[in-house]
Every structure is written in structure tokens, then in C-alpha cells.
Amino acid sequence: MKDILRPIYQERASQSNTLGVLMIEKRQNSSHTTDTFDVILLIIVKEGEQPLLIKHYTYNDSKAAMHIVTEGQLKDWLLLGTNRKIFEWLQNAKILFDRNEYIENLKTELREFPFNGRKIKMGLEFAKLIRRYIDGKALFENKQYLDAYNYVVHSLHHLARLAVIENGLHPELTVWQQVKQIEPEIVKLYEELVNSEETIEKRLELLFLASEFMIHARTKVGGAHIIDVLSMKEYWTFNEIQNEKELIPYSVDLAVLIEYLIEKGLIDVVSLDTKGHGIFHRCYQVNKKLS
């Protein structure tokens, strides 16, 4: 297959915009890694008309896909974790072309996982965890147990990913296998939720109690990134926070995270006068005791 695809990737490699070309082959019993394709060609480019362009090819009984991704999109995937296959692809791929050792340097950076990168990823994962936990608890209190169950499963998954990142690793597709070695208590919570013979109401009730403790224990590490950013100014309006470049990735989870950090005493509310009598602008500042 590699020889068949050679003219395709060699044409791309000859273009000055191309940073690297990688080939990921389907492994036995792991067709999910390549989306059932026999081969994936991953081509990283400096810039493109669109962030991701995918082309499919067939030859005899085999099929291949070519993913042309911009450097910006790749960095977004690595930061936000929205394409979890990308870590496996970068780790296991054969490098067919590497301009100025771009791919090798990228793989080294992923292995070393710089602390600042970890801090941002922990913040994003913690925000998702808080959102799922709070929404799940609200559904539980309204006796919507099946919907609450779904949110709790998601919150446990984010808790597992947070634990993996905290230990200096990138969460992979097999995140439960990773966390089993790192923090088996989280796996135990998940197994109790899924396998317990208690009623779904009782299972959720017990899990909310246990989860609350584990989430509380991670509040400082999970909130460290947003606290660092907010420490740059005396106080912020919410609009300023959501448009701050470093905080844009928090997206829809941002407001819930801020309210949680207020509840935990890491962020304070500042009331500023408006033109209207008795109504104030609600602003936010880092608790001065943390400065």
C-alpha cells in the first residue's frame, strides 16, 4: 500500500507548505484506530484553505484515507483533546517526510509534556468535569435518574482524564487502562456505578458523595490555570474573561467553572456601580489571600 500511495504523498512532501507526512497502518484487532481504513496518511501543513481536508482512496481490496491538517488545527486537537486518535497516530506512525525535524520535535514535546501545557489541559478538563457534575446533580435532584446517570458517566471520564494529565501523561483512547495504574479509586467508582445491584437512585446518591470529595481535592490544581490568568488584572468583567485569548478554549464551561471557584473561595465577586440605582456590575477577582 505504501508503494501505491507514494506518488500521492511525495507530491505533498515536495510542497514548501508541508511540514511532515506520516503513515498509520491498521493493526490487527485495532481497526478503530484508523477508522477501519488500512492506511491513514497524515499530512501536516503550515497553512490551508480549510483546517482539515480528507480524501479517500481504494486499491484492490484495500482502502486508504489522507488527512491534510493545518498546524493550527493540530495544536487545537492536542490542547483541547477533541481528536483523541491524534496522540496514538503521532506515537505509532511511520514518518515518511519530516521538514527540519518538525515531527520529531513535536513528538519530543508530547513525551515531555511541559508543565504549562499540562496546567492548561487540566483546567479545561476540570471545567468539563464541573459542568457534567453540576448538571448531573441537578437532574438527579429533579429525579431524572437516567439522564443524571449519563452525566455522571461523563463526569467520571473527565475525572479519569484529569488524573492522567496530573500525572504527566496524555489521555489516550484507553484512558481507563491508564487510570487503573494511576488512581484505581476512580476506576472503582466507575465500576460501582455500572455494576452495582443497588437501585440507580442509590448508586447515583453514593457516587455524588464520593465524587464531591475527589473533585474538591483537585480544585486548586484544576483551577490553577484560570487563577493564573485572572491574576494579571485587579478585576475582570465576564465579557473580558470569555474574550481573553488563553481562556477562549473553556467556552460554554467557563461561567460554571467561575461560579464553582467562587463557591470554593478562590475567586471573589466585586460589585461596581452602574448608572442605575441599586444595580451593580458583577466583576471577578482572584481571592487576595491567593496572591
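The values are calculated or read from the model by the stated rules, or taken from the named source; none is laboratory data. Values in this document were obtained by computation on a predicted structure and should not be read as measured data. All Cβ positions, even for glycine, are placed from backbone atoms using ideal geometry, and neighbour counts span all protein chains on display. Note: accessible area is taken over every heavy atom of the protein model, side chains too, but ligands, DNA and RNA are not part of it. Shrake-Rupley method; radii C 1.70, N 1.55, O 1.52, S 1.80 Å.
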Q.
Per residue, how much accessible surface does the stretch 160-291 expose to a 1.4 Å probe? Answer in Å², no decimals.
A. 58 Å²
Q) Taking a threshold of 23 Å on the Cα-Cα distance, which of the pairs K119/K233; K107/K188; K85/K119 fall above it? A) K107/K188
Q: Determine which aspartates and glutamates satisfy two conditions relative to K220: a Cα distance under 19 Å, and not lying fewer than 8 residues away in the same chain.
A: E125, E166, E183, E212, D228, E246, D253, E259, E263, D268
Q. With all protein chains present, how much of the accessible area of the stretch 177-291 (probe radius 1.4 Å) comes from carbon and sulfur, to the nearest whole percent?
A. 53 percent
Q.
If the only charges are +1 at each Lys and Arg Cβ and -1 at each Asp and Glu Cβ, what is the size of the charge dipole of the stretch 24-149 around the Cα centre, to the nearest 20 debye?
A. 400 debye
Q. The chain: percent of C-alpha pairs farther apart than 25 Å?
A. 58 percent
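For the ranges 209-216, 96-103, what's the packing order if you count other beta-carbon atoms within 10 Å of each residue, average per peptide, and put the highest first? Could you put the intermediate results ahead of the total?
Numbers: 209-216: 14.1, 96-103: 16.4.
My ranking of the peptides, most packed first, is 96-103, 209-216.
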Q | the stretch 32-71: GluC sites (Glu not before Pro) in DSSP loop, at most 11 other beta carbons within 10 Å | A | E47, E49
**Q.** In the stretch 100-151, the trypsin sites (Lys or Arg not before Pro) that fall in loop regions by DSSP, at most 16 other Cβ within 10 Å
**A.** K143
Q. Put +1 on the Cβ of every Lys and Arg and -1 on every Asp and Glu Cβ in the chain; which of T174, Q28, Y151 then has its Cα farthest towards the positive end of the dipole?
A. Q28
Q: Divide the volume of the convex hull of the Cα atoms of the stretch 187-291 by its number of residues and quote the answer in cubic angstrom per residue.
A: 148 Å³
